[in-house]
Amino acid sequence: SPQNFAMHWMINDDKSMSTVDTLYFVQRYVMAILYFSLCERSLNFHSWLSPSENECTFRGVACDDDKIITKLTFVDMSMIGKLPPEISQLTRISLIDFRKNDISGEIPSSWGHLTNMITLSLEANRIGGTVPESLCSL
């Protein structure tokens, strides 16, 4: 699973995690899950698994002054797969823009916990099902 690949990579290969607190560990783990869920086959994300790279330097990622992710903008980036529910752990996210990719499946209901979300753009993908009620109340 993407979660298993992400944890294996962090434990065995990601040397940047040796002295990091819980918030940054969770953020790094979620981004690794995102990589293994949607980005592994796209050349646009080749530097993501470099232990010397901070996720705030990744193309399409914006962070606040505390280096906490606030925006994910991956438009037309050849993303393939399903949306991981773990993105809901990125609690400062205000924008997710994954337009024009090949994302399938449904929007995870856990994304309704993203209380800072202002914009969610998923047009031109293969998203099915209904919008989770939890997202409609944001």
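The values are calculated or read from the model by the stated rules, or taken from the named source; none is laboratory data. Just so it is clear, the structure is predicted and the values come from calculations on it, not from any experiment. A quick note on method: Cβ atoms are made from the backbone with ideal geometry, for glycine too, and the neighbour counts reach across all protein chains shown. Note: accessible area is taken over every heavy atom of the protein model, side chains too, but ligands, DNA and RNA are not part of it. Shrake-Rupley method; radii C 1.70, N 1.55, O 1.52, S 1.80 Å.
The requirement of being open to solvent by less than 30 Å² (accessible area, probe 1.4 Å), of a type in the set (V, I, T), in contact with a Lys or Arg (Cβ under 7 Å, 6 or more places away or on another chain) and in contact (Cβ under 8 Å) with a residue 24 or more places away in the chain is satisfied by I103. Go through the stretch 49-74 residue by residue and tally those that are touching a residue at least 40 places away in the same chain (Cβ under 8 Å) and part of a loop (DSSP other than H, G, I, E, B). Summing the residues that are touching a residue at least 40 places away in the same chain (Cβ under 8 Å) and part of a loop (DSSP other than H, G, I, E, B) in the stretch 49-74 gives 3.
Name the residues in the stretch 61-81 that are open to solvent by 30 Å² or more (accessible area, probe 1.4 Å) and over 14 Å from E40 (Cα atoms), would you? Correct list: A62, C63, D64, D65, D66, K67, K71, T73, V75, D76. When the stretch 2-48 is filtered for residues that are modelled with pLDDT under 75, open to solvent by 50 Å² or more (accessible area, probe 1.4 Å), under 23 Å from I96 (Cβ atoms) and part of a loop (DSSP other than H, G, I, E, B), only H46 remains. Within the stretch 82-90, is there a residue that is open to solvent by 40 Å² or more (accessible area, probe 1.4 Å) and in contact with a strand residue (DSSP E or B) (Cβ under 8 Å, 6 or more places away or on another chain)? Yes: one or more hits.
Regarding T115, is this residue farther than 15 Å from Y29 by Cα and either in a loop (DSSP other than H, G, I, E, B) or open to solvent by 80 Å² or more (accessible area, probe 1.4 Å) (or both)? When the stated conditions are applied, T115 passes them.
Sub-6 Å Cβ pairs linking a first residue in the stretch 82-97 that is part of a loop (DSSP other than H, G, I, E, B) to a second residue that is among the β-branched types (V, I, T), at least 6 apart or interchain, are P84/I33; L90/V30; L90/I69; R92/I68; R92/T70; S94/T70; S94/I118, ordered by first then second residue.
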